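Take a look at the structure below.
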Amino acid sequence: MPRGKPFSTKQKKKQLQERRERKRQENGEHFGCQSSDDDADVESEAGPDIRVDKLNHQPELSLDPAYLDLNRYRLHFYQESNDEIHKRKELSRQPYQMVEETALEMDIECIYQTGSVLDMPKRPPWDYNQKKAQVEAREERFFKEYLKRIYDDYDLSDLSYFELNLETWRQLWRVLEMSDILLIITDIRYPALHFPPALYNYVTKELKKKVILTLNKIDLVPPAVVVAWKHYFHEHYPDLEIVCFTSFPRDFKDSHDAQSKRQEDPSRVVHKRRQLGRMAAVGQKELLETCEKITQGRVDLSGWQDKVRLMLEGVETGQDTVVMDGFTEEARDNPVPPGLYKDGVLTIGCVGYPNVGKSSLLNGLVGKKVVSVSKTPGHTKHFQTIFLTPTVKLCDCPGLVFPSLVQKPLQIVAGIYPIAQVREPYTAVGFIAERLNLPSLLHLTHPEANGGGSEEAGELKWSAFLICHAWAEKRGFMTAKAARPDVYRAANNILRMTLEGVLCLYFRPPGYTAKKDYWQSSPETDALSKLQEHHYCQRKVVETSDDQLASSEDEVEDSMEGMSPCDKSKAFIFKAHKREGHKSGGIAMRNVFELLSDD
């Protein structure tokens with residue numbers, strides 16, 4: 001009998017993946033579910049060399065024909081070739097040079113060429129007399145033509161990642177149709193990247209609706225940068241309403257420390273951003289005032305006003321909030337007809353790129369967690385409807401990536417592409433290292449320092465790969481079998497630290513460097529700093545009362561040592577009753593031990 005050939009674990013894993021994919025496709029064809037290869041027509045129309053990489057695959061949980069395909073809204077980006085990945089890996093081993101501060105200034109016109117084919121796919125005209133199949137077929141044809149125009153005018157190496165899944169664009173179309181006001185949410189670190197002018201022009205000029213720009217996560221950058229970006233957008237888009245927002249205000253210890261924090265550069269220190277359980281969002285009052293200005297009394301917003309007032313006073317709200325799944329047969333097949341403030345309800349649509357904080361903003365407005373959040377792009381699969389009050393409705397749209405000319409490493413750093421699925425993360429680490437002094441921030445030792453070279457003398461040069469190597473050694477990231485430094489895991493860890501704000505990389509508007517002193521001394525900058533400090537201090541007061549309650553509970557638990565089971569039961573009841581009394585404003589006067597008496 002001939003000797004069998006060795007079969008590695010890697011080959012076995014690949015064989016299982018192919019078998020699982022083949023079985024899933026067979027089940028999809030048999031039961032009428034949508035297959036993962038339904039975009040083959042889109043790829044062939046866009047170009048023969050376009051390969052789509054479908055990210056965030058979800059396992060099938062049911063074979064029922066009526067079961068919804070979980071992979072319908074996966075992120076679809078074009079897949080890079082192995083040669084491109086190999087060239088970037090080699091480039092990451094070359095020494096890099098730190099860029100000037102002016103290189104951190106970002107202009108929208110350099111990212112989105114207004115008036116070019118880098119537009120947004122618009123929904124073709126339709127009416128209620130058309131059947132569902134006719135509407136979807138026309139949408140697919142328009143979307144293929146849209147992709148073909150882009151790939152005819154631009155090379156793949158120049159284009160950024162952008163969404164190729166038509167189903168996700170359909171979710172945006174539905175949110176735009178049913179919304180009275182559109183809320184474009186951006187991350188204040190990269191607002192020019194997250195604000196597509198094509199969407200703004202389409203909503204304001206064609207749909208004739210108002211747009212509010214939300215500069216989210218303002219606690220991650222200096223207040224002067226927030227004010228500078230606000231003036232930049234007001235100058236380029238005069239009809240745009242702008243609101244600054246954050247769900248977790250910065251940590252101010254005292255007035256002297258707060259003053260120093262306002263003037264420091266966050267990119268030169270490593271932060272520890274602690275997200276507390278109790279919401280104290282900054283900007284909810286400003287958003288309410290902006291909506292009142294737009295509606296001009298045509299919608300009753302008194303319930304929202306009371307909700308904001310109670311939240312500012314530290315009272316938990318949100319018990320009457322209703323969350324509805326927007327993906328229903330009625331929502332898909334019968335879009336809401338045009339018309340503002342239908343049935344006296346203000347509908348606010350929340351759109352934006354992945355990881356800009358849309359879901360966190362909704363939780364901050366409600367005052368508690370009503371929608372799930374995640375750092376993984378594409379976590380929100382379809383739009384969700386949240387009734388903030390009986391007359392105010394919020395719509396959370398999935399994150400959408402518009403076509404642009406931005407560098408792909410910047411998109412990875414900004415969290416647009418899932419970090420866990422990046423095939424070559426070292427170029428993105430090099431992008432960060434060129435703008436932040438990573439060896440100094442992370443206190444890294446050069447891997448070749450033992451050879452006698454001196455880093456101070458310029459004999460040892462850093463590269464993106466060496467930074468990942470040194471960080472893996474410092475954190476103890478080692479491979480399982482050979483026990484070598486796991487540079488891939490280290491690179492992912494650095495990218496996640498940047499995404500979370502531990503390593504604070506942020507961009508400035510054009511001309512900010514030359515007018516830095518002006519923006520830092522602006523009265524608006526000081527007012528924004530005081531607003532964040534006020535919200536943080538107010539939240540700390542509420543948490544202090546909770547800590548006092550927890551300490552009193554600990555005292556009860558300490559006194560329970562040596563008690564009999566019956567006495568422990570009485571103590572537990574007393575503890576629970578005390579907690580309920582604290583929430584209602586005081587301890588009830590009834591004797592709690594009467595609960596243990598006989599009938």
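Each of L91 and A137 was given a label point 7 Å from its Cα along the Cα-to-Cβ line. The distance between the two points is 4.4 nm. Rounded to the nearest 0.05, the FRET efficiency derived from the C-beta distance between Q296 and Q11 at R0 = 51 Å is 0.15. Residues S521, S360, S247, sorted by accessible area with the largest first, give S521, S360, S247 [1.4 Å probe; ligands and nucleic acids excluded]. Estimated from the Cβ-Cβ distance and a Förster radius of 56 angstrom, the FRET efficiency linking V270 and V345 is about 0.80.
Ordering L199, P223, L166 by Cα displacement along the dipole of the stretch 165-224 toward the positive end leaves L199 in first place; charges were set at the Cβ atoms of Lys, Arg (+1) and Asp, Glu (-1). Computed over the stretch 109-232, the P(r) tail beyond 21 angstrom holds 50 percent of alpha carbon pairs.
Taking R0 as 51 Å, what's the FRET efficiency between Q113 and A480 from their Cβ-Cβ distance, rounded to 0.05? It comes out at approximately 0.60. Normalised per residue, the accessible area of the stretch 386-447 is 23 Å², obtained with a 1.4 Å probe and no contribution from ligands, DNA or RNA.
The values are calculated or read from the model by the stated rules, or taken from the named source; none is laboratory data. If you're wondering where the values come from, they're calculated on a predicted model, not measured in any experiment. All Cβ positions, even for glycine, are placed from backbone atoms using ideal geometry, and neighbour counts span all protein chains on display. All accessible areas refer to the heavy atoms of the entire protein, side chains included, with ligands and DNA or RNA removed. Shrake-Rupley method; radii C 1.70, N 1.55, O 1.52, S 1.80 Å.
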